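Accompanying notes for the structure given below.
The values are calculated or read from the model by the stated rules, or taken from the named source; none is laboratory data. Everything quoted here is computed from the prediction, not taken from an experiment. Here the Cβ is made from the backbone with ideal geometry for all residues, glycine too, and neighbour counts use every protein chain on show. Note: areas computed on protein heavy atoms with side chains; ligands, DNA, RNA excluded. Shrake-Rupley method; radii C 1.70, N 1.55, O 1.52, S 1.80 Å.
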Amino acid sequence: MENQNIGEKLFWSVFRNKYLNKIIFKRSDFKLNSYTFYEINNVEWIISNKHFSLLREKVMRNDRNLNFRFIDLSDPIFAFFKDDYEFYYNLFKNYGNNEYISKLTLSDLEFYSQINDNVALLKILIDKSKDYINLKLFYKFICIGAINSSIYLYNNYFKDYLINNQPKSTNELWYETIGYSSELNPKFNYRKKGFYNHEAYYKKVEFYVNFISKSIPQYSKLLNNTYEIELQMTHFNNPIIFDLSIHKQKLKHLIVYCKTIILLLLVNQTELNYSKDDIIEMEQLNQWEIQFTNSELNTNVSSFSFKNEKVKRLFKMMLPFCGNRILVNKIKNDELSEKDSFLIYQTKYNGKMDHASKKEFLPIAFGFYDRVSSEFNCQRLFTNPFEFCMNDRTDRIIPFFKDAIKDQLDPSIESSLKLSKINLINIAMVINDFEILQMVHNQLYNNNKSYDNNDEFYLDEKCYSDELDSRIFDFVIYKISEKSRLNILNVIDRYYNLANHFKNNYPIDYKNSILHYRFYLNPNLKSKLLPNYYSNKFMFENYKDFVDNVNQVQIRLPQFIYYHVYNAFKIRPLLTYKNSDNGFEVEIKPTQYTLIDVNIVNGSVASQLNWVMNNRIQDINDGTLQITYDKILLTQYLRNNIEETILNDIDNYQHQSVEPTILKCLLQEIAKRGDIKTIEFLIDQFKNNQQFFDYIISLSKSFALSPYIYQIDFYNYLNKTSSKCCK
């Protein structure tokens, strides 16, 4: 330890030389997590960063440095290269003996080609074993919804069989792979029983109609076969084809489901029960799909106005073919589920709410006002209150409030049956509607600025959000109680825009609320070194408001640096504090500090150190920042300044107190990148220092072959270099 301290002092004496400092600490690009083409060899990193073209190029040129360890081959590669036979051919040709690629079995290739509908990989599977192709395999591909692969298998292997053995062959294919339910047949499904893929079902039906047959078996016959999915019926006496809640579907999916119904009706019109007036033709569906905006297509059905006739017709068309397989018997007994699509359709579009629907839904969800009992849980009102009519402001939402206000003003109605004044205020805030809020307040509170105990203006925390209209905040801030106003910062600190609005427009109230602010521990931060005070952006950027003295600012500098680097919170390089005597901002000289290291990876500290070098270099020069020299070397390497750094203090490495371990972090990063140029430079600089030379060679070779790095060309270079030196 004593020798290590002496060595550190030797290097710091060079670093703090003002002339050399300008050379060594010149600003440059920081290359942490930035790599050149030749440095990148980790397939996991390549995939996670979506550099698929780079991976393809390296595979095609047989790059021996590619490291396949620690990756899950199941999705990324096989999902991206779907039609690239050449890629897979070269992958298995060039890396077939690789420890990880060689573990892929024929069963693996089958699985990955099916779940990704990968025709190219299927061809590789057939190349490896033509005996692997059989009817059961064909059924698997259809069942899972791998339609492109199914078409390939049909055209090349099973077309003649299906044609020559009709109708038995086509009926069996329908029974086993498609059927009258979007639930996947568990015999061919890799997922557990009860898994549904409604979009895949459309593709399967379309495949059957276009390639297999223009007619499908009647479902009455399906009831008596060996198909493993139990067929259940809707209250329209149709099979439950779609087990889903229509109102929760995105519009684009609803259109696909309606297209599926069209195909089914095309091949089985006699059994299915429906009204022709409710069916939308395929051509019309295709036109609507084009006419809807992308935003609309990605919107849930429940969000559309009841006046939208297109969505209404799509909803209605789905009804005879939807249900809940678990609750189908309960429906017959009038025990309705909240997911019952038929009930929602009747209530939303017919404008009526019967007794059964009130048992399952809050009337407010549809914009209907209804008197409530005193036992009603009003908290449910604050979660998406107008769920099925959020775009019916004029026709449903405003009338709801007017009816509720009318009841409130009627003294003959028992108070327990009314929605309270403050609940109406809260609901208006939750939907972020300033005009409605004004209307409710002005009619119920008569513009009073003070309230008696019975009318305490209490706002639920769910009322606040970063999207809250600032006019609403301004409207209520002096209507809530003084106690609530003092506590307001504890409620809105997580909402950056709202908290800044409060600070900028209500300075006195803001200052008072700070005195009642409760600091909290962030449970997601595992390290005791991490801050618990500035884990949200507003608190971080307004740190001076929440400290009592200069010392609190000084000791939190490492926290500021950490959150700035990793959370992109704003921080000024110069720490200041307002002088209590004259009110002027004065610079704060931090106490000695270290950087927060919460990651075993070297870059954790290097990223922070890079910021210090760019913005607070004086902390390094005067020793305020306590940092070991190995981290300096690593950071300088990542700043592309390593050669200048080594050359300027090369003589110090000859001192007996300096251990070669000072290069460990640097060598690991060099090996990770397979950086032959830099390792060549180090070898040349230390060729006359046997202790350092041997350490550089042996440790770098060890790193090069480690599972996380695996740089073969780099290792071969070191082997060749060490052999030459030994001769």
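Observations on the structure shown:
- Cross-link pairs beyond the 27 Å C-alpha cut-off, checked among Lys664/Lys720; Lys168/Lys252; Lys214/Lys250; Lys358/Lys406: Lys168/Lys252; Lys214/Lys250
- Cα gyration tensor shape of the stretch 560-649, rounded if a/c is under 1.5, else prolate or oblate by comparing a/b with b/c: prolate
- Distance from the Cα centroid of the stretch 300-319 to that of the stretch 646-668 is 72 Å (rounded to whole angstrom).
- Ordered by solvent-accessible area of protein heavy atoms (1.4 Å probe), largest first, the residues Met390, Met439 come out as Met390, Met439.
- Reach of Lys359 by Cα under 19 Å, taken over aspartates and glutamates that are not fewer than 8 positions away in the same chain: Asp334, Glu335, Glu338, Asp340, Asp370, Glu375, Glu387
- With K and R counted +1 and D and E -1, the other residues having a Cβ less than 12 Å from that of Thr299 yield a net charge of +2.
- Glu435-Arg518 FRET efficiency (beta carbon distance; Förster radius 30 Å; 0.05 resolution): 0.30
- Asp83-Lys589 FRET efficiency (beta carbon distance; Förster radius 56 Å; 0.05 resolution): 0.30
- For the set Lys479/Lys503; Lys203/Lys259; Lys462/Lys570, the pairs lying more than 22 angstrom apart at their alpha carbons are Lys462/Lys570.
- Straight-distance crosslink candidates among aspartates and glutamates, where the alpha carbon sits under 13 Å from Lys82 and sequence neighbours closer than 8 are dropped: Asp117
- Nearby aspartates and glutamates by direct alpha-carbon distance to Lys687 (threshold 17 angstrom, same-chain neighbours under 8 apart not counted): Glu643, Asp649, Asp651, Glu659
- Rolling a 1.4 angstrom probe over the protein heavy atoms with all chains in place gives the stretch 215-322 an accessible area of 46 Å² per residue.
- Remark: spin-label model distance Asp474-Ile151 equals 5.9 nm, labels positioned 7 Å along the Cα→Cβ axis.
- Burial order of peptide ranges 286-292, 710-716, 391-397 (average beta-carbon count within 10 Å, highest first): 710-716, 391-397, 286-292
- Take the Cα of Lys352, step 7 Å toward its Cβ, do the same at Ser706, and the gap between the two points is 7.4 nm.
- Computed extension length for Gln691-Asn490: 66.4 nm, one decimal, from 0.36 nm per residue of separation with the Cα-Cα distance subtracted.
- With both labels modelled 7 Å from their Cα along Cα-to-Cβ, the Glu467 to Leu574 distance reads 4.1 nm.
- Extended-chain gain in nm, criterion 0.36 nm per residue less alpha-carbon gap, Arg69 and Tyr161: 28.8 nm
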